[in-house]
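One structure is given below, encoded as structure tokens.
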Amino acid sequence: MKSYRYAVIGNSAAAVNACDAIRSLDGEGSLAVFSEERYRCYSRPLISYLVAGEVSAHGMYYRPARYYQNMGIDFHAGVKVTSLDPAGHLLVTREGEKVKWRKLLLATGFRPFIPPIEGLEEVDYLTFVDWDDAKRMLRLTAKPVASLVIGAGLIGMKAAEALHARGSAVTVVEKMERVLPLALDERASAMVSERCRRENIGIITGQSVSRLEPRGGHRGKAVLEDGSEVPFDLLVVAVGVRPRVELAEEAGLECAGGVLVDKHQRTSHEDVFAAGDAVKAMDLVRGEPAVNALWPIAALQGKYAGMNMAGREVPYPGGNSMNAVEFFGLPVLSAGVVNPPDATYEVITRQGDDGDYRKVVLRGDVLVGMLVAGNIERAGILTSLIQERANVRRVKGFLLEEGFGHIHFPRSVREERIIEAVAGLPKPAGEKAGAGKGKARADRGKGRAR
Amino acid sequence: MIRIVPREEYCIGCRLCEIHCIVQHSKSKNIIKAFKRERRPVKRVEVEEHGHVSFALQCRHCEEAPCITACLSGAMQRDRASGAVVHDPERCVGCWTCILVCPYGAIRRDGEERRVVGKCDLCPDLEVPACVANCPNEALVLVEE
């Protein structure tokens, strides 16, 4: 029976970042990755770029070809783990192979949610979450087709954009009143919708699909709530994703709408860790655990899970919802609360003449959310203030200004953040008695201090 | 590991650092051509200014770099030899996630034909980075740790 010090189930952002973290602390311990897919680690969010022709197949890979070899990882590609025995420190594969481990990471990710729509089962619909989906979409759009996308969340909108790039006539149907209802606020949604409509992407909101009438293969017709009909040659279902918790649940690990973990990404069994889209971990803004199925969050959780698995006890700093998107030349970034639920939040917005839009959401003196569209430069400063739960009372008036930055922080805060090493540096030549401009110039480039 | 440290008490907000950064990252590395004839690269250093206070800021090459963890494509990485946070434009897809998470606002949109970002690379071809070498007041200094 094979036996590993570390076993990782999954092969995406959380898994790979966990492997990196483990190897940064333990170069020797045996490490295995079990991946249901045959691909070596690739970036799922790039599938829309692949379909649109913006990324080559080679560009999909998140790590170099020799990654597993270089890192000393036993890579089990195309091997699905079907059951776990935490007490016995055992996992079993679909082929019935039993493998021992000492520390385990569950990075099982999400699965697309398939809504119960009448007639859906008789249509060869697509989801749009992995490389195989992208390959199918590429094949099916070799000739221009009429596509229908159900769901205007991130996955649906990225699918619509990719289909549009393939010359497809696209219609998107969304049950909520607007596109990207979770990632964006009303105004930003309208900005994105407008760009899409300008590109002849049909956007139908506030309507759900009542039933589907299959016409063989991928073709069919959707009948909407109001009775209107949308025929399609290709259907994409993108109404949401759900954490893949089956393996954890069947193994008796605590789950509640996601695998539950403590601050060290440890599940209810001390040798089993979990990270990524299947996991409910601390959300800094909500102040309670939440599933944030986002690549950067998965990567961060994986990193912390890996460190803890390798014996360095470091708490996960927590995450928050965030999104970076661009549709037809309009970039939009958001983080934290963008749609405040009640009047206890303060909202400040600014709409520039050139179509720029900025918004911050505060609760008391704490910044809890931001959204910028158009001019997105330096928005990360706002994100960091959200994550630091910083008191922004003194800079509130500047938050939405173009030049907002560290200059507006109190000097002590600024220095702590930026100028870590200023103390003890020599004064510049220009300040020494009698030294003129020439002297300063002669000293140019000699400012290397130790 | 080298870092560039700003000293606001000596910065006069002249923005020569921004200009020389652009020149250094241009195709010709010639100031006139870079600004007048070629595609002007994005500046990788930014002078922040408010009243009489100013300083220049570029990538901090953070030890716990949020941009590396957040990068969707694997384009943002740690250079093992120098310790610097380096960005591979070939692998960048311009998703802007790094811009969303950089606490210093030190990453900018760049590129024309392809969407990519640009950030401070510590001028690997130079003994001293262009912004430091061309600051008239030593308001930017190199610190070696």
With unit charges on the beta carbon (Lys/Arg positive, Asp/Glu negative), name the residue among B:P136, B:L72, B:I107 whose Cα is farthest towards the positive pole of the charge dipole of the range B:63-145. B:L72
For chain B, what does the helix formula give at 222 nm: sum of -39500 (n - 2.57) over DSSP H segments with n ≥ 4, over the residue count, nearest 500 deg cm²/dmol? -3500 deg cm²/dmol
Solvent-accessible heavy-atom area per residue, rounded to whole Å², over chain A at 1.4 Å: 43
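What average number of partner chain Cβ atoms lie no more than 10 Å from the Cβ of the residues making up B:118-128?
Working: counts 0, 0, 0, 0, 0, 0, 0, 0, 1, 2, 5.
Average per residue, whole number: 1.
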Span from the the range A:282-359 Cα centroid across to the the range A:145-196 one, whole angstrom: 21
Summarise the accessible area of the protein assembly as shown (1.4 Å probe, protein heavy atoms) by the percent that is carbon and sulfur. 48
Compute the accessible area of each residue in the range B:45-71 twice, once for its chain alone and once with every protein chain present, using a 1.4 Å probe on heavy atoms, and list those whose area falls by at least 10 Å². B:E46, B:E48, B:E49, B:H50, B:V53, B:F55, B:L57, B:R60, B:E64, B:T69, B:A70, B:C71
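Given R₀ = 35 Å, FRET efficiency for B:I31-B:V53 by Cβ-Cβ distance, to 0.05?
That pair, B:I31 with B:V53, gives E of 0.80.
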Out of the DSSP beta bridges found with both residues in the protein assembly as shown, what percent are antiparallel (nearest 5)? 65
Taking the dipole of the range A:50-148 about the Cα centre (Lys, Arg +1; Asp, Glu -1; charges at Cβ), the one of A:S56, A:P116, A:A77 that reaches farthest to the positive side is A:A77
Counting only pairs 8 or more residues apart or on different chains, how many lysine pairs in chain B have their Cα atoms under 15 Å apart? 4
Once B and A are treated as a pair rather than alone, how much accessible area drops out, both sides summed, in Å² to 100, probe 1.4 Å? 4900
For each pair in A:K80/A:K103; A:K175/A:K280; A:K100/A:K280; A:K135/A:K359; A:K98/A:K135, compute the distance between the two Cα atoms and list the pairs where it is over 28 Å. A:K135/A:K359; A:K98/A:K135
Cα centroid distance between the range B:61-138 and the range A:91-116, in Å? 36
About the Cα centre of chain A, what is the dipole size in debye to 20, counting +1 per Lys and Arg Cβ and -1 per Asp and Glu Cβ, all else neutral? 2180
Using Cα-Cα distances under 8 Å and only pairs 6 or more residues apart, what relative contact order does chain A have, in percent? 14
Inter-chain shielding metric for B:133-140, i.e. average beta-carbon neighbours from other chains within 10 angstrom, reads 5
Net charge, B:G83 excluded, C-beta distance under 14 Å - Lys, Arg +1, Asp, Glu -1: -2
Rounded accessible area per residue of the range B:9-86, 1.4 Å, Å²: 50
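The values are calculated or read from the model by the stated rules, or taken from the named source; none is laboratory data. Predicted model, so just to flag it, every value in this text is computed and none were measured. Every residue, glycine as well, gets a Cβ built from its backbone with ideal geometry; the counts of neighbours run over all protein chains shown. To get the accessible areas, we keep the full protein, side chains included, count just its heavy atoms, and leave off ligands, DNA and RNA. Shrake-Rupley method; radii C 1.70, N 1.55, O 1.52, S 1.80 Å.
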